[in-house]
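A short worksheet on the structure shown next.
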């Protein structure tokens, strides 16, 4: 299901009530889209490579925000530039890609489908930096598109083990932060 709203407009409760009364509650996905977004000759296909996606929030170049619930493997959108505002996955994982970056923006044209790599499987990544006698461990959870995901904080303390070759030289656990 796709829903949308203008990013720059505030919605008053009476506007929602009037819209519900005049438009009814049984709107199709095409009817829920914004002005000028009628899907037809200018529709573009987005092939989604990933799984376990609960919600995608996209903002078009003209400021129209579209939320897609459980998008499946593909969706149709009007041609134009888009920014990924939020990605929510099953299990409580969220990503907020930076607008204007390769990971957060894309353009659609009718010539060919766009492949959007988003969602599971997620890959853990750790960057280690040395600062004198200290090691800084920077943990990130990434999707295939390189976007960072944040999850619910665990009550168990993270554990790690350091190896030199096949030999364990240290291990421990520590608190977040």
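The values are calculated or read from the model by the stated rules, or taken from the named source; none is laboratory data. For clarity, every value in this text was computed on a predicted model and none was experimentally measured. Please note: Cβ atoms are built from the backbone with ideal geometry, for glycine as well, and neighbour counts cover all protein chains shown.
Here residue 144 fits the description: modelled with pLDDT of 90 or more, closer than 20 Å to residue 46 by Cβ and not assigned by TED's automatic domain parsing to the domain that holds residue 49.
Applying the criterion of at least 2 residues that are touching a residue at least 60 places away in the same chain (Cβ under 8 Å) and surrounded by 10 or more Cβ atoms within 10 Å (Cβ to Cβ) to the strands (runs of 3 or more DSSP E) found wholly in the stretch 76-177 leaves 80-89, 114-117. Residue check: residue 47 meets all listed conditions (1) within 16 Å of residue 113 (Cβ to Cβ); (2) surrounded by 15 or more Cβ atoms within 10 Å (Cβ to Cβ); (3) at pLDDT 95 or above but one, namely (2).
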